[in-house]
Amino acid sequence: MTIRSAAALLFAAAALQAQQQGVPQQKPTNELPNPYQTVEGWAKMPEGRTWGSTSGVGIDRDGASVWVAERCGANSCIGSNLDPVMKFDANGNLVRSFGAGMVQVPHGLYVDRDGNIWVTDWSNARGAQNGATRDSTKGHQVIKFSPDGKVLMTLGKAGGGREPEYFWQPNAVAVAPNGDIYVAEGHSDAPTANARILRFSKDGKFKDAWGKRGNGVGELMQPHALAFDSRGRLFVGDRSNDRILILDQNWNILDTWYQFSRPSGIYIDRNDRIYVADSESGSVEPEHKDWLRGIRIGSARTGEVIAFIPDPNVNATNTSAAEGVAVDANGMIYGAEVGPRALKRYVRKP
């Protein structure tokens, strides 16, 4: 074990001990300035189609167009013939869509450096349309699409598999600078749920996995988001533990951050500015009642939080605010919302 990894483990153990002893980890960062204004309804759906729940959002390699994984006008695409993967140009016009019948419940979305679109299929049957039930021969997979919708790769057993197979309720996917593929698995806090990060080679071969269900060192509870910074460090949104874990390529814990609240989504731009979406604090998550939902913005290098965009629906008593978050080359922020079923844009105030 290296000195750095040993120090990281000691730091994490101390943080856990403090948490178990009831010592506050972080004063809520609710009072920071909000330099953004909300733009609703900018993305134009085809005639007759309305927004469904949306948690996956990413930026095209042109830096301006926006990809979303939308749940077919409901909270599921089961029983629907609509395309769940959609691309909108900078003016909000729909320019491409695909994936009908291929993804049951789209959850996470990632755009790689070659412009390919990765989608995780969470595959829960909630919101199934037209009386349909989940097809046990589909879902619980990660699908890599080309920009025109061709399937380039699938990861996971169709219909799902529990450890040592994979996946069961995959949440997020991200590709490391060396091409390795990382998948966060486990969307439940149930005692039997998986909670781990799996790593694959760039050609889709399983390499190893890290983490198990729990709230201690080396443990996760509903790992909901993944992102890499410019140094290749992996940021894991350990949502039900109200923290972000920062890992190196050897699975060493480098740091644990609580100041970004309860992370549902994480996006890190080319300047290492980090955007963290919190869709569950406050009235939705009573144990985190002193924190407000919204998007916190800061530095992935130092951990400083510098801005906060509050949930536009401050009185919501169900899940609200963005779960997925992405930022285009011009600094416009996009929040994908499950509860309100929307894709909001946030632009800097004049």
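Do you know which of the residues in region 188-209 that are over 19 Å from the mean Cα position of the chain (by Cα) and part of a strand (DSSP E or B) is surrounded by the most Cβ atoms within 10 Å (Cβ to Cβ)? By that ranking, first place goes to Phe206. Would you mind stating whether Val314 is in contact with a Gly (Cβ under 9 Å, 6 or more places away or on another chain) and surrounded by 19 or more Cβ atoms within 10 Å (Cβ to Cβ)? It is false that Val314 is in contact with a Gly (Cβ under 9 Å, 6 or more places away or on another chain) and surrounded by 19 or more Cβ atoms within 10 Å (Cβ to Cβ).
For first residues located in region 41-59 and within 15 Å of Pro106 (Cβ to Cβ), partners that are of a type in the set (Lys, Arg) and lie 6+ apart or on another chain with Cβ distances below 7 Å form the pairs Trp51/Arg341; Gly52/Arg71; Gly52/Arg341; Ser53/Arg71; Ser53/Arg341; Thr54/Arg71; Thr54/Arg341. Any chance you could count how many residues in region 236-251 are part of a strand (DSSP E or B) and in contact with a His (Cβ under 6 Å, 6 or more places away or on another chain)? Residues meeting the conditions: 1.
Checking Gly127, Gly156 one by one, the residue that is under 30 Å from Ser80 (Cα atoms), touching a His at 6+ places or on another chain (Cβ under 8 Å) and small (Gly, Ala, Ser) is Gly156 and no other.
The residues of region 120-164 that are free of Cβ contacts under 8 Å to residues at least 60 places away in the same chain and among the β-branched types (Val, Ile, Thr), listed by number, are Thr133, Thr137, Val142, Ile143, Val151, Thr154. In the set Glu280, Glu323, only one residue is surrounded by 17 or more Cβ atoms within 10 Å (Cβ to Cβ), touching a helix residue (DSSP H, G or I) at 6+ places or on another chain (Cβ under 8 Å) and among the charged types (D, E, K, R); that residue is Glu280.
Could you pull out the residue among Ser264, Ser240, Ser283 that is of a type outside the set (Lys, Arg) and without any contact (Cβ under 8 Å) to a residue 40 or more places away in the chain?
Testing whether each residue is of a type outside the set (Lys, Arg) and without any contact (Cβ under 8 Å) to a residue 40 or more places away in the chain leaves just Ser283.
Look at (1) in contact with an Asp or Glu (Cβ under 9 Å, 6 or more places away or on another chain); (2) β-branched (Val, Ile, Thr); (3) modelled with pLDDT under 95 and you find that Thr137 fails only one, number (1).
With the condition being surrounded by 24 or more Cβ atoms within 10 Å (Cβ to Cβ) and at negative phi, I'd like the strands (runs of 3 or more DSSP E) fully within region 75-187 carrying at least 3 qualifying residues. Write out each step before concluding.
Details: elements: 85-88, 94-98, 106-111, 117-121, 142-145, 151-155, 170-175, 181-185.
In region 75-187, 106-111, 117-121, 170-175, 181-185 are the strands (runs of 3 or more DSSP E) which contain 3 or more residues that are surrounded by 24 or more Cβ atoms within 10 Å (Cβ to Cβ) and at negative phi.
Under the condition of being at pLDDT below 90 and closer than 20 Å to Glu337 by Cα, the residues counted in region 23-43 number 0. Checking each residue in region 285-305 for being farther than 23 Å from Gly232 by Cα, more than 17 Å from the chain's Cα centre (by Cα) and at pLDDT 90 or above picks out Asp290, Trp291, Leu292. So, Gly331, is that one over 17 Å from the mean Cα position of the chain (by Cα) and either on the phi > 0 side of the Ramachandran plot or touching a residue at least 60 places away in the same chain (Cβ under 8 Å) (or both) or not? Yes; evaluated as a whole, the condition is true for this residue.
Filtered by the rule that a residue be assigned to a strand (DSSP E or B) and within 21 Å of Trp122 (Cα to Cα), region 39-58 gives Thr54, Ser55, Gly56, Val57, Gly58. Filtered by the rule that a residue be part of a loop (DSSP other than H, G, I, E, B), under 18 Å from the mean Cα position of the chain (by Cα) and not small (Gly, Ala, Ser), region 210-227 gives Met221, Gln222. For the condition of a type in the set (A, V, I, L, M, F, W, C), under 17 Å from Glu40 (Cα atoms) and not in a strand (DSSP E or B), what is the one hit in Ala336, Ala326, Ala322? From the options Ala336, Ala326, Ala322, the qualifying one is Ala322. For Gly282, the requirement of being at pLDDT 95 or above and either farther than 14 Å from Val57 by Cα or hydroxyl-bearing (Ser, Thr, Tyr) (or both) is not met.
The values are calculated or read from the model by the stated rules, or taken from the named source; none is laboratory data. Just so we're clear, the structure is a prediction, and the values are computed from it rather than from any experiment. Virtual Cβ from ideal backbone geometry, glycine too; neighbours counted across all protein chains shown.
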